[in-house]
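Please treat every number below as a calculation from the coordinates, not as lab data. Given the structure is predicted, the values throughout are model-derived calculations rather than measurements. Ideal geometry is used to build each Cβ from the backbone, glycine not excepted, and the neighbour counts take in all protein chains shown.
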Amino acid sequence: MARLIIVSNRLPMSLHSRPDGTYVLTQNIGGLSTAIGPYHKSHKDCLWVGWSGIDPTTRTEDEINAISDEFTRHRCIPIFLDSKQINGYYAGYSNDTLWPLFHDFAHEAKFDSLTWKAYEEVNEKFADTIAALANPDDTVWVQDYHLMLLPALLRARQPKLKIGWFLHIPFPSPEIFHQLPNGKELLEGLMGADLLGFHTEDFCANFLASVKSMLNLGIDKGGRISVQEDGRQRFVTVDAFPIGMDYGLYRRNARSSLAQAMRHGIEAFSGKRTRRVSTSLSAESRAAAEAEESWSAYTEDDLSEVKLAQSAAAKRGTRDNKVIVSVDRLDYTKGLPERLRAFALMLSRYPEWVGHVTYYLLATPSREGVESYRQLKEHVDQLVGEINGKYSLLSWTPIHYITRSLPIKPVCGIYSAGDVALVTPLRDGMNLVAKEYLASRDGRDGALVLSDQCGAASELTDAYIVNPYDTEAVCEALHSALEISSAEAKRRNAVMQARLKYRTASLWSTEFLSALRQVSDPRWADRRL
Ligand code: ADP
Ligand code: F6P
């Protein structure tokens, strides 16, 4: 029977050793595993090939066999890469060259012939593993920028395979792509596929413009590139497939008792549930008075904090306190420092929020082997510290900063507690967090402040769309989003939720795979999608 083989750099799960020598698998975070993981789980004829996350030089042969068996039990085929390969191919060429360049951070991109060599070597290794595993009538679906050479390497080894490739990040403009010394080889690598998918029409147009200027190939109006192979013509089709998410899964998890317990905890902590503004203030003054005997012991300076809180409370009256949330990998493309500056500006421009809005910032370290990511972490730590230091009151901390990676239910608990989700990447292929927030608030209010620089912005047009670099605009949008009426928020959300409910991750996989089946059918050569 023909099978589907999904291929990505990272498998959807990581393996950890228990003290008793057994292994446990945990779900990896990131858009790719969130989107394709459920499809792989529910299709028993589907295999997933990817990097195991384990350096084989640190393990015995028996351990490697046991690890492979554990992965195979979950229909995952692990590829073992040593630290030199990972440093060159993953931390180096993929994440220090392609990632910044494709996200329009060309100044961050490093060009190094050694990392390029490692990238070529690892793509070859993937091709050898898959060619040994695949039958000629199988379909191979390659994911992302780590494996751009793989389609042509596979085609050379198994010409009959149906090969698709999908890019989960933006494709840059031709001016930026031309800066890449090995750009031509990457495009040639992709020409081994039958179908190339991008999140948006704009990314497709950028890609075709680079193909047009760098490869001497014909492109028809339907976005089909014609390539010559062994004297025969073959088509490579390019199309947009905006990725979705499992709406029902997030809606269900957000309603689970664990997520609801988290929501209530957050609401209590941020003064939404158990305390009203006035009682929270008096608790603060009482505590201060008990510690210092009487108010007369205070100077004007001592009292300035209480006055600040009192004047904020007076302006806000007895309205509910609010919660802002965000969930990200700690990545410079996510715009965390810019977002924090906008939040701080809001506290200073609208002091009535001081003491009355708490920002839950879930930001998990990512790619810690890359220097720019380590620096970003330090920068974010420092900014959070500065803002908390400057604005905290005795009974309130503006930013609740969590750097662990949390399972889906607590993440949904955070979404569920968030009156506003602040999703402001500087550049992002799609951004699933924005969609997960809306699904978690199915039928409820809650406002989304969304960057215009991510693929999701072209779908979620009823959000507060902002330029993430414009601190003033983000501050104003945040303030408006916090002030939105429940009815207006529900109205906006209903429009976006209706779309998300329909355009799920599963529909996305099905549409991509059925298009791939169609375009790789030789009878299709004279027709269009
Ligand atoms: P990317 O693929 O660049 O990480 P996306 O927004 O498309 O960005 O997808 C991120 C996925 O990872 C989402 O499913 C989100 O819920 C999950 N995620 C991100 N950060 C965390 C975190 N700190 N803890 C748990 N899950 C996270
Ligand atoms: O969305 C782009 C991407 O590289 C995905 O492939 C992956 O899910 C996510 O970012 C996380 O990246 P990494 O696997 O490098 O931690």
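I need the peptides 353-362, 61-70 ranked by packing, meaning the mean over residues of other C-beta atoms within 10 angstrom, with the highest value on top. Can you show the working numbers first?
Details: 353-362: 24.5, 61-70: 13.8.
Result, highest mean Cβ count within 10 Å first: 353-362, 61-70.
As a test of the formula, what do you get for the chain when each DSSP H run with n ≥ 4 contributes -39,500 (n - 2.57) and the sum is divided by the residue count, at 222 nm and rounded to the nearest 500 deg cm²/dmol? Intermediate results must be reported in sequence, preceding the final value.
Numbers: 19 runs with 238 residues, N = 529.
Only helices count here, giving -14000 deg cm²/dmol.
Roughly how tilted is helix 408-417, in degrees to the nearest 10 and between 0 and 90, from the longest Cα axis of the chain?
Rounded to the nearest ten degrees, it is 40.
Using only Cα atoms and rounding to the nearest 10 degrees, what angle (0 to 90) does helix 300-316 make with the longest principal axis of the chain?
Roughly 70 degrees, rounded to the nearest 10.
First check a/c for segment 147-262, with a ≥ b ≥ c the square roots of the eigenvalues of its C-alpha gyration tensor; if it is under 1.5, answer rounded, and if not, answer prolate when a/b is larger than b/c or oblate otherwise. Could you put the intermediate results ahead of the total?
On the way: a/c = 2.61, a/b = 1.99, b/c = 1.32.
It is prolate, given that a/c is not under 1.5 and a/b is the larger ratio.
For the chain, what is the charge dipole size about the Cα centre, in debye to the nearest 20, if Lys and Arg each add +1 at the Cβ and Asp and Glu each add -1 at the Cβ?
Working: 61 positive and 66 negative charges, 393 e Å.
Computed about the Cα centre, the dipole is about 1880 debye.
What shape does segment 412-503 take by its C-alpha gyration tensor, where a ≥ b ≥ c are the square roots of the eigenvalues and a/c under 1.5 counts as rounded, a/b above b/c as prolate, and the rest as oblate?
Details: a/c = 1.64, a/b = 1.16, b/c = 1.41.
Oblate, because a/c is 1.5 or more while a/b does not exceed b/c.
Under a Cβ-only charge scheme (Lys and Arg +1, Asp and Glu -1), can you give me the dipole magnitude of segment 39-162 about the Cα centre, in debye to the nearest 20? Intermediate values should be presented prior to the final figure.
Values: 13 positive and 19 negative charges, 93 e Å.
Roughly 440 debye for segment 39-162.
Give the residue list of trypsin sites (Lys or Arg not before Pro) in segment 181-267 that are DSSP loop and have at most 10 other beta-carbon atoms within 10 angstrom.
Details: sites: K184, K212, K221, R224, R232, R234, R251, R252, R255, R263; in loops: K221.
For trypsin sites (Lys or Arg not before Pro) across segment 181-267 that sit outside H, G, I, E and B with at most 10 neighbouring Cβ atoms in 10 Å, the list reads K221.
Rounded to the nearest 5, what % of the DSSP beta bridges within the chain are antiparallel ones? Display every interim value, and only then the final one.
Working: 14 of 62 bridges.
Around 25 percent of the beta bridges assigned by DSSP in the chain are antiparallel ones.
A131 to D521: extension gain in nm, 0.36 nm per residue of separation minus the Cα-Cα distance?
On the way: separation 390, 0.36 × 390 = 140.40 nm, distance 2.04 nm.
So the chain would gain 138.4 nm between A131 and D521.
Take the Cα of N388, step 7 Å along the line toward its Cβ, and report every residue of segment 348-366 whose backbone nitrogen sits under 18 Å from that point.
So the set is 354-365.
Cα-Cα over 31 Å: which of K41/K184; K162/K184; K221/K490; K162/K334; K110/K334? Can you show the working numbers first?
On the way: K41/K184 36 Å; K162/K184 23 Å; K221/K490 41 Å; K162/K334 34 Å; K110/K334 20 Å.
As for pairs spanning more than 31 Å Cα to Cα, those are K41/K184; K221/K490; K162/K334.
Which order do K272, K334 fall in if you start with the one that has the fewest other Cβ atoms within 10 Å?
Numbers: K272 20, K334 28.
Taking fewest neighbouring Cβ atoms as first place, the list is K272, K334.
Multiply the residue separation of H16 and M1 by 0.36 nm, subtract the distance between their alpha-carbon atoms, and state the gained length in nm to one decimal. Kindly include the intermediate steps, with their values, before the conclusion.
Numbers: separation 15, 0.36 × 15 = 5.40 nm, distance 3.31 nm.
In short, 2.1 nm is gained.
Place a point 7 Å from Cα of K212 in the direction of its Cβ. Which residues in segment 226-248 have their backbone N less than 15 Å from it?
Zone members listed by number: 226, 238.
Rounded if a/c is under 1.5, else prolate if a/b beats b/c, else oblate: with a ≥ b ≥ c from the C-alpha gyration tensor eigenvalues square-rooted, which is segment 354-431? Don't skip to the answer; put the middle values down first.
On the way: a/c = 1.86, a/b = 1.21, b/c = 1.53.
Oblate.
Which trypsin sites (Lys or Arg not before Pro) in segment 414-446 sit in a loop by DSSP (not H, G, I, E or B) and have at most 16 other Cβ atoms within 10 Å of their own Cβ?
R444
How do R503, R18 rank when sorted from fewest to most other Cβ atoms within 10 Å of their own Cβ?
On the way: R503 18, R18 8.
The most exposed by this proxy come first: R18, R503.
Can you pull out the trypsin sites (Lys or Arg not before Pro) in segment 377-412 whose DSSP state is coil and whose Cβ has at most 11 other Cβ atoms within 10 Å?
Working: sites: K377, K390, R404; in loops: R404.
Taking segment 377-412 and a limit of 11 other Cβ atoms within 10 Å, the loop trypsin sites (Lys or Arg not before Pro) found are R404.
If one takes the longest principal axis of the Cα atoms in the chain, at what angle in degrees, from 0 to 90 and to the nearest 10, does the Cα axis of helix 371-391 lie?
So the helix axis and the longest Cα principal axis differ by about 20 degrees.
What translational diffusion coefficient, in µm²/s and rounded to a whole number, does the Stokes-Einstein relation yield for segment 447-487 at 20 °C and a viscosity of 1.002 mPa s, taking the hydrodynamic radius as the Kirkwood radius over Cα pairs? Show your work: numbers first, answer last.
Values: Rh = 10.4 Å.
Roughly 206 µm²/s, to the nearest whole number.
In percent, what relative contact order does segment 38-175 have, based on Cα pairs under 8 Å that are 6 or more apart in sequence? Before the final figure, lay out each step's value.
On the way: 168 pairs, mean separation 26.6, N = 138.
19 percent.
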